[in-house]
Structures are given as C-alpha cells and as structure tokens.
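What follows is calculated from the coordinates using simple rules that are stated; it is not laboratory data. Everything quoted here is computed from the prediction, not taken from an experiment. Heads up, the Cβs are rebuilt from the backbone with ideal geometry, glycines too, and the neighbour counts pull from every protein chain shown.
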Amino acid sequence: MSDRISQAFGHPIERAEALAGTEPRDRISLRDYVTEVEIGAFQLERGQTQRLQFNVVVEVQPASAPVADDVDRILSYDRVTEAIEAELASERLNLLETLAERVATRILHEPQAARVFVRIEKLDRGPGALGVEIMRSSDEAQPLVTETTPAMLAAPLVVYLSYDAICAPALTGRLDALIGAGDPVILCCGPSDLTLPTTQAFLAQRRIDLLGIEQSAWVLAGRDSRCVVVNTRTELDWAMKHGQVSVWAPSKMVLDAVVSPPLHATAVDLAYWLAGELGAAEFVLMSRDELPQGTVPARRDLMEETP
C-alpha cells in the first residue's frame, strides 16, 4: 500500500504524522469509538438507530509549564468523547459532514487543541463502512454553536388553538390580548375536521398527521399577518427575542428530535411537548381537549369556537 493510500484509509494518526512537517507535535487519539444514534437524510434511516464509529486525533499545544502529573494541565481524552456525545445529543442530524464539523469545532475550543482530525463512519449502511474525514485547525475554528437555553430568553407563552378557534371571529381580539401582555407568544394549531389519509405504517402516519397540523398553521397565518409560520428551534429563538408571533409547524422539530414525542401523540400532546422543550411560562389550551398534565403550568381559555 502506497504512503498516500495508507494516509487515506489508515487511522487519522497517519495523516497527522504526514502533515506534521519538521515541528514535533504532541497528539492524543481516540480509536474505534462506536455509538448508536439516529442519523441520516434518507427516509429509511428515520425511526431507527445505526452504529457510528469515530476516530479522532488531536494535536495539542506545547505545555507552557511541566504537566507534573496533573490532569488539569492536559487535554483529557474525556473531552473528546464528551464533544462527540454533546453533538449527538443536541439534535438529530442528516449529514456526517455536519456532525464531523461540529465535533471538530467543539474540540478546537479547548485551549490546548491546535489541530484535529475527525473520521466518522456508518457501519450499518452496507457491506463496508461509509464515512467522512476532515481536518481543522484552531486558527480557522468556527464559533461554537450552542443551543439557546430557555434561561437566556424570556419564557414564552405557548398557546394551543383548535381549528374552530383559529376560524372564530374573536381570534383577532384574543391575539391582541396575548401579544399585549408582552411575553413571547408561540401558537400551536389543531388539525381541521377534514379526514386525513390513513396508513398502518406508524412513521408514515405521523408525517400525514403533522402535515394536517401544518395546514392549520398556514390557515392561521393567512388570517392574521402578525403570525409567522416557523419550523426550527433557531427560528423560534429568534422570534422570541424579536417580538415575532410564531405559529409552529411541527414536522421538522418532532422528526429531528433526539427524544421525540410518542408516535400516537395528539396535536395537544405535541404542543405541550414544545412548551416543555422551550421552558414555557404557561401553556394555554384554547380547545375542549383534555388539559395536559406536566411540569409546565396549563390552563384552559375557551373563546367562541363557531366560525
């Protein structure tokens, strides 16, 4: 095997050594770290986990003082595995390229890290291992992407509206009152009374049901121009910071969640799940459905429901 082929298919340590030049470099490495996670852009990769194998090499800055057998003076191996697990837990991803980039970025924000080589392989997508390998250095590291926590934003008010409430003449006045209170407002919708297609495949049915909810979201946005349909956590966080009234389109967040709601969750269940994810101050139910129980305070607030 030629040197170039060896560098391409061997452990990332071989590439690190080949690119080191004349300057000696200290390295730490993680070999054949295997974990199971749901990842992938193809439909057949949703709803099931697959094995990922990580091989990581980190070139570290020379110590400014003797290590003296003090673990606080070195880049711990645990920081590498923690970077992997933190990114896997943050959200469901479609691409290994995205995951590799985020793992590398998180590692490079360790003060001792100078350059990192990350290889990730899918072990269950065929007879061989399918993967990606990247090299990044600290001088080109991107800002660390951290999830905005509820504590960083004013706690929102999450409101569930039945389809009848969406169509009610009193809707505009009720929205005026909600917005006037000053707290971020996120509106969640119930499906219309139209009969949706049905299938015995649970994952397919979930998509159909989510699309039914999203149809109602667009009806609501069409009734009041202040309401903007959003489908990502990033959009929700931006809206809460800038006073925009959001109408939640749930498909992306529900399908991409690391821990998603149960397959048979109702529209109310999904809205209450969102309230929990966002650390909502209160959940308001504008329908005659059963009031959900959980950590977020919930109350019913019926308005005229006859369109």
With θ set to phi - 60°, apply the Karplus curve 6.51 cos²θ - 1.76 cosθ + 1.60 along segment 269-278 and write out the HN-Hα couplings as whole Hz, x wherever there is a Gly or Pro. 4, 5, 5, 6, 4, 4, 4, x, 4, 8
At R0 = 35 Å, how high is the FRET efficiency between GLN61 and ILE179 if r is their beta carbon distance? Nearest 0.05 is fine. 0.10
Give the distance, in whole Å, between the Cα centre of segment 246-307 and the Cα centre of segment 116-132. 38 Å
Calc'd 3J(HN,Hα), segment 233-246, phi into Karplus 6.51 cos²θ - 1.76 cosθ + 1.60 (θ = phi - 60°), Hz, glycine/Pro = x, comes to 5, 4, 5, 4, 4, 5, 4, 5, 6, 10, x, 8, 7, 9
Calculate the spin-label point distance for THR198 paired with VAL34, positioning each point 7 Å from the Cα along the beta-carbon direction, and give it in nanometres. 4.2 nm
Calc'd 3J(HN,Hα), segment 215-226, phi into Karplus 6.51 cos²θ - 1.76 cosθ + 1.60 (θ = phi - 60°), Hz, glycine/Pro = x, comes to 4, 5, 4, 6, 4, 4, 4, x, 7, 9, 5, 6
Based on Cβ point charges of +1 for Lys and Arg and -1 for Asp and Glu, what charge dipole magnitude is obtained for segment 150-300 about its Cα centre, in debye rounded to the nearest 20? 80 debye
Please give the net charge around ALA154, taking every other residue with its beta carbon less than 9 angstrom from that of ALA154, where Lys and Arg add +1 and Asp and Glu add -1. 0
Sorted by chain and number, the residues with a modelled amide H under 5 Å from that of GLN50, at a separation of 5 or more or across chains, are VAL37, GLU38, ILE39
